[in-house]
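Written below as structure tokens is the structure these notes are about.
The values are calculated or read from the model by the stated rules, or taken from the named source; none is laboratory data. Since we're looking at a predicted model, the values are computed, not measured. Note that each Cβ is placed from the backbone with ideal geometry, even for glycine, and that neighbours are counted across all protein chains shown. In case anyone asks, the SASA skips ligands and DNA or RNA and just uses the protein heavy atoms, side chains included. Shrake-Rupley method; radii C 1.70, N 1.55, O 1.52, S 1.80 Å.
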Amino acid sequence: MHANIGTRLSSAFKRLAWSNLAAQSAEQVALAATPIVAVIALGAGTAEIGVLQTAQTLPFVLFAIPAGLLADRLSRHAVMAGAEALRAMSLIAVLALAASGLLTWPLLAGLGFVGACGTVAFSVAAPSLVPSLVPSGALAAANARIELARTVAFAAGPALGGALVGWIGGSAASGFAAALSVGAVILLAGVREPPRATPASRSPLADIREGARFLFRHSLLRPVFVTQFIFNTAFFVLQAMFVPYAVRRLGLSATGVGATLASYGIGMVVGALIAARVMRHLAIGVVIAIGPVAGLVASVVMVATIWAPSALLAGLSFFLMGAGPIIWVISTTTLRQTVTPPHLLGRVSALNIVAYGARPIGAAIGAAVGGLYGAEACLVVACVGFLIQAVTILISPVVRLARQPDMDRPSAQ
């Protein structure tokens with residue numbers, strides 16, 4: 001590897017990184033607090049919580065590509081600031097409605113949908129902005145810092161959100177999340193993004209086709225997308241049945257289930273901490289293969305609990321599922337940033353987020369297989385999925401990459 005991973009990161013990137021930490025923390029606190037508030041304060045039942053969770057995830061499928069178009073046509077840091085401001089306003093509205101006694105679960109779901117729209121635009125624009133703020137050799141370190149913030153928020157946010165609701169109420173949790181979002185907006189306002197040429201005015205469909213054509217014709221990005229889609233499907237097959245399986249087959253208590261699931265977040269943090277060092281010492285193709293292979297090994301470990309029921313094995317499985325794939329996220333984000341022309345980064349990043357649309361597919365498969373054949377069958381089906389995604393990346397030209405490709409910096413169209 002010839003990239004100088006230790007290249008000093010700019011002050012503009014540091015503002016972006018801190019804003020990302022604030023925004024990700026706001027999202028996770030709100031995601032954790034919202035269903036608790038819905039159940040305890042508004043009397044929501046299972047069906048209402050299902051609608052609430054759907055409202056908070058649907059924007060990732062509906063608006064990722066439009067957000068990518070905005071990120072390619074407008075100032076990316078302005079898109080991020082506007083998106084975070086939208087989330088802050090949705091949280092402030094929840095706070096105001098709760099204080100006036102007018103909050104209902106449909107309003108909570110609607111405002112959750114609005115806030116999630118902001119999350120989508122922020123998530124699409126951020127990786128598109130990073131390459132303009134740091135040199136090519138520092139991309140791995142920069143992406144590792146971005147993902148570390150996300151994983152810390154992912155691991156700590158739910159506990160913090162639940163604690164805030166328990167200690168001082170749901171309104172306070174919404175207020176805290178809103179304050180974090182406002183802080184992220186203020187930090188983003190100070191980011192100075194290098195100017196880009198104004199893209200030619202074309203129809204949105206033509207722009208979408210251009211981005212999709214680039215992604216699906218690219219010999220490196222296409223297998224990465226397919227692998228990620230299959231991984232998400234398989235992971236949510238596993239997620240759909242793990243809690244009942246852990247309680248009934250592994251004999252875990254609620255605390256034990258929570259501790260086992262927490263090992264996933266711990267793995268993510270560990271993976272994010274070591275990713276830049278791993279990328280400095282190994283060929284980029286080998287690093288990219290780590291995530292899919294770790295996913296396969298993790299699924300095999302989980303299948304082993306059918307014959308050797310063990311909370312430790314289940315925890316090890318989730319740890320590997322967190323550590324390996326977060327290295328995948330960092331390394332493939334770096335690859336995508338270096339091989340994608342700057343004027344396409346928003347749309348290509350958006351299509352990458354669309355791969356998360358596989359998650360409800362995986363959850364549906366898990367529910368169907370689990371209902372018909374039991375949780376153990378779900379583990380085997382998930383393992384087959386993880387095998388397919390590992391083979392997909394291992395037979396692709398991606399794993400033969402010896403070093404990070406040179407960054408594509410043609411002039412914007």
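A few comments on the model shown:
- Every residue from region 191-219 that is open to solvent by 80 Å² or more (accessible area, probe 1.4 Å), of a type outside the set (D, E, K, R) and modelled with pLDDT of 80 or more: LEU205, PHE216
- Against the criterion of being farther than 20 Å from ALA189 by Cβ and over 17 Å from the mean Cα position of the chain (by Cα), ALA93 qualifies.
- Yes/no for VAL120 being touching a Ser or Thr at 6+ places or on another chain (Cβ under 9 Å) and of a type in the set (Val, Ile, Thr): no
- Failed item in (1) at pLDDT 90 or above; (2) crowded, with 18+ Cβ neighbours inside 10 Å, with ILE353 passing the rest: (1)
- Residues satisfying the stated conditions in region 20-54, i.e. of a type in the set (Gly, Ala, Ser), open to solvent by 10 Å² or more (accessible area, probe 1.4 Å) and at pLDDT 80 or above: ALA22, SER25, ALA30
- If you go through region 1-19 and keep only what is modelled with pLDDT of 75 or more, small (Gly, Ala, Ser) and surrounded by fewer than 24 Cβ atoms within 10 Å (Cβ to Cβ), you end up with SER10, SER11, ALA12, ALA17.
- Set side by side, the residues VAL286, VAL243, VAL237 differ, and just one is within 22 Å of ALA377 (Cβ to Cβ) and open to solvent by 60 Å² or more (accessible area, probe 1.4 Å), which is VAL243.
- Qualifying residue in region 135-143 (condition: more than 22 Å from ARG403 (Cβ to Cβ) and hydroxyl-bearing (Ser, Thr, Tyr)): no
Residue-wise test of (1) in a helix (DSSP H, G or I); (2) within 30 Å of LEU345 (Cα to Cα).
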site	(1), (2)
ILE208	yes, yes
VAL237	yes, no
VAL243	yes, no
VAL257	yes, no
MET268	yes, yes
SER299	yes, no
TRP307	no, no
ALA314	yes, no
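Okay, residues lined up against (1) part of a helix (DSSP H, G or I); (2) open to solvent by less than 10 Å² (accessible area, probe 1.4 Å); (3) not polar (S, T, N, Q):
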| position | (1), (2), (3) |
| --- | --- |
| GLN228 | yes, no, no |
| VAL278 | yes, no, yes |
| LEU296 | yes, no, yes |
| GLY322 | yes, yes, yes |
